[in-house]
Amino acid sequence: MTRWKVVVTDWEYDDLRYEEQVLHHDSLELIPARCRTKEEVVAACRDVDGIINQYAPINRKVIEALEKCQVIARYGVGVDTIDLETEPIRPDHPFLSMENVLLTPHVAWYSEEASSDMRRKAAAAVRDVLLKREYPKYLVNRSVKPLASLTNGKR
């Protein structure tokens, strides 16, 4: 049986209970990390299948160093940690055409309910790609068909 590894690069919450609930499955291993630099993200995530990110920086070089990563989900808007020059993302931004990048949108928010919902959705995006072989429900770059293996069940 395939065991998918998912790293939470960083978080400011008391615990990872929502991520643990959504990702509770024999085929998923949730790995907490405390990354603060691009180098720490690469070291923690080089061979993982999915990433959940809050503030740790992820730029194109980090993404290119990830050997197996199929999905990166971020808590909130990614313009301050994921290398996007503008919000909304420019139509010609390279992330929109990278086959190993699935982008999910953000919403302006803050309440405890919105925070827990955002965390569940980020974890669900990773779960859906790795276990269900489905594109995330909230996908920004739908026109690009990254991860052709999603449709045929191959890794």
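The values are calculated or read from the model by the stated rules, or taken from the named source; none is laboratory data. Source: prediction; values computed, not measured. Using ideal geometry, Cβ is built from the backbone for each residue, glycine included, and neighbour counts are taken over all protein chains shown.
If you check 115, 111 for being under 21 Å from residue 18 (Cβ atoms), modelled with pLDDT of 75 or more and either of a type in the set (Val, Ile, Thr) or surrounded by fewer than 19 Cβ atoms within 10 Å (Cβ to Cβ) (or both), only one passes: 115.
The residues of segment 46-82 that are among the small types (Gly, Ala, Ser), at pLDDT below 70 and within 16 Å of residue 36 (Cα to Cα) amount to a single one, 78.
When segment 123-150 is filtered for residues that are touching a helix residue (DSSP H, G or I) at 6+ places or on another chain (Cβ under 8 Å), assigned to a helix (DSSP H, G or I) and modelled with pLDDT of 70 or more, the ones remaining, listed by number, are 123, 124, 127, 129. When each of 85, 99 is tested for being charged (D, E, K, R), part of a loop (DSSP other than H, G, I, E, B), closer than 21 Å to residue 136 by Cα and modelled with pLDDT under 85, the lone residue that passes is 99. Within segment 26-53, can you find the residues that are under 15 Å from residue 71 (Cβ atoms) and assigned to a loop (DSSP other than H, G, I, E, B)? 27, 47, 48, 49 - these are the residues of segment 26-53 that are under 15 Å from residue 71 (Cβ atoms) and assigned to a loop (DSSP other than H, G, I, E, B).
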